[in-house]
Amino acid sequence: MNQYLYLILNLGSLSIPLLYSVFEKKFHFIQYFRASVLSIVLIAIPFLIWDAFFTNMGVWYFNSKYHLPLKILQMPIEEWLFFFCIPYACLFTYEVLKYYLPSFKVSKSITKLISFSLLLLAGILLLLNFGKWYTTINFLLFLVVLAYGVKEHLTVLQTYFPGFLIILIPFFIVNGVLTGSFIEEPVVLYDNSENLGVRMFTIPLEDAFYLFNMLFPVQLLFNILKKKYYEK
């Protein structure tokens, strides 16, 4: 059973959003399947390259006790699935929140305050820890992604920040298991010399920024494709 844990986490994260997408008739998220899959795939490509690079460097690695033997570029097949299952679940969650709670957003001034505070924090942590691979690449990308968001997509950030806080709840559960919460050993192990060494429970602090780096571009691309394909 242990060997299927990572696979179960992936499929479990995907199953409820996917089933709801198909059978819920009011919102019916499955109508946007083309846009959602394309946006996820396009963003997954650079993240899989990054993942393979870090895996081969030993910045992180995987506990064979919790995944199937099949590997591609030294990464278990479950790690590949992660970049499709988790973004779909998170994209679905945000779109559902936006559909049913259209007023669930913060003001532009608060959005700017949150953004500039996060940019300042990321910048300081980057300067103090430059050269640590996970910290350096992660925060450099975060600075670019969030700065672009503030400049070009501030109205999206107004709803995305509170939505992201909701997304962080299942993230802490799933990523908590992957990093060793509730189980004997972690599924994903990190070389702590390449990160801050600061953990939220068992989760490296960088992982929350990594999640934003992955999900926000998916959301922006989905918004573009949704408008292109469905709002003519």
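Checking the structure you have, find out if any residue of region 189-197 is surrounded by 15 or more Cβ atoms within 10 Å (Cβ to Cβ), within 18 Å of the chain's Cα centre (by Cα), modelled with pLDDT of 95 or more and assigned to a helix (DSSP H, G or I).
No, region 189-197 contains no residue that is surrounded by 15 or more Cβ atoms within 10 Å (Cβ to Cβ), within 18 Å of the chain's Cα centre (by Cα), modelled with pLDDT of 95 or more and assigned to a helix (DSSP H, G or I).
One residue is enough: does region 81-104 have a residue meeting the conditions out of contact with any Cys (no Cβ under 8 Å at 6 or more places or on another chain), modelled with pLDDT of 95 or more and farther than 30 Å from ILE30 by Cβ?
no
Can you tell me which residue within region 52-73, out of those that are within 25 Å of PRO17 (Cα to Cα) and either of a type in the set (A, V, I, L, M, F, W, C) or in a helix (DSSP H, G or I) (or both), is nearest to the chain's Cα centre (by Cα)? Let's see the steps before the verdict.
Looking only at region 52-73, we keep the residues that are within 25 Å of PRO17 (Cα to Cα), and these are 66-68.
Right, trim to either of a type in the set (A, V, I, L, M, F, W, C) or in a helix (DSSP H, G or I) (or both) and you get 66, 68.
Numbers: TYR66: 21, LEU68: 22 Å.
Only one residue fits best here, namely TYR66.
Go through (1) in contact (Cβ under 8 Å) with a residue 60 or more places away in the chain; (2) under 25 Å from LEU221 (Cα atoms) one by one and return the number of the condition LYS112 breaks.
(1)
Go through region 1-15 and report how many residues are free of Cβ contacts under 8 Å to residues at least 24 places away in the same chain, assigned to a helix (DSSP H, G or I) and of a type in the set (A, V, I, L, M, F, W, C).
Adding up the residues that qualify gives 1.
Against the definition (in contact with a Phe, Trp or Tyr (Cβ under 6 Å, 6 or more places away or on another chain), farther than 21 Å from TYR190 by Cβ and surrounded by fewer than 18 Cβ atoms within 10 Å (Cβ to Cβ)), how does PHE33 come out, yes or no?
It is false that PHE33 is in contact with a Phe, Trp or Tyr (Cβ under 6 Å, 6 or more places away or on another chain), farther than 21 Å from TYR190 by Cβ and surrounded by fewer than 18 Cβ atoms within 10 Å (Cβ to Cβ).
Regarding THR159, is this residue surrounded by 15 or more Cβ atoms within 10 Å (Cβ to Cβ) and under 22 Å from TRP60 (Cβ atoms)?
Spelling it out, it is not the case that THR159 is surrounded by 15 or more Cβ atoms within 10 Å (Cβ to Cβ) and under 22 Å from TRP60 (Cβ atoms).
Which one of ASN63, ASN56 is at pLDDT 95 or above, under 30 Å from LYS132 (Cβ atoms) and in contact with an Asp or Glu (Cβ under 6 Å, 6 or more places away or on another chain)?
Exactly one of ASN63, ASN56 is at pLDDT 95 or above, under 30 Å from LYS132 (Cβ atoms) and in contact with an Asp or Glu (Cβ under 6 Å, 6 or more places away or on another chain), namely ASN63.
It is to be established whether one or more residues within region 74-85 are outside any loop (DSSP other than H, G, I, E, B), under 14 Å from the mean Cα position of the chain (by Cα) and of a type in the set (Asp, Glu). Can you show your working first?
Here is the first cut: in region 74-85, the ones outside any loop (DSSP other than H, G, I, E, B) are 75-85.
Still in the running and under 14 Å from the mean Cα position of the chain (by Cα): 79-85.
Next, only the ones that are of a type in the set (Asp, Glu) stay: 79.
Looking through region 74-85, at least one residue is outside any loop (DSSP other than H, G, I, E, B), under 14 Å from the mean Cα position of the chain (by Cα) and of a type in the set (Asp, Glu).
Considering only residues that are in a helix (DSSP H, G or I), within 17 Å of VAL198 (Cβ to Cβ) and either of a type outside the set (Phe, Trp, Tyr) or more than 20 Å from the chain's Cα centre (by Cα) (or both), which ones fall in region 121-144?
LEU121, ALA122, GLY123, ILE124, LEU125, LEU126, LEU127, LEU128, THR135, THR136, ILE137, ASN138
Would you check if SER107 is loosely packed, with under 14 Cβ neighbours inside 10 Å, of a type in the set (S, T, N, Q), at pLDDT 95 or above and under 25 Å from HIS153 (Cβ atoms)? Write out each step before concluding.
Details: loosely packed, with under 14 Cβ neighbours inside 10 Å: yes; of a type in the set (S, T, N, Q): yes; at pLDDT 95 or above: yes; under 25 Å from HIS153 (Cβ atoms): yes.
Yes; evaluated as a whole, the condition is true for this residue.
Applying the selection to region 27-44, what residues are over 18 Å from TRP80 (Cβ atoms) and assigned to a helix (DSSP H, G or I)?
Within region 27-44, PHE29, ILE30, GLN31, TYR32, PHE33, ARG34, ALA35 meet the criteria.
As an exercise: evaluate GLY176 against (1) under 19 Å from HIS67 (Cβ atoms); (2) in a loop (DSSP other than H, G, I, E, B) and give the number of the one condition it does not meet.
Condition not satisfied by GLY176: (2).
The values are calculated or read from the model by the stated rules, or taken from the named source; none is laboratory data. These figures come from a predicted structure and were not determined experimentally. Neighbour counts run over all protein chains shown; Cβ positions are idealised from the backbone, glycine included.
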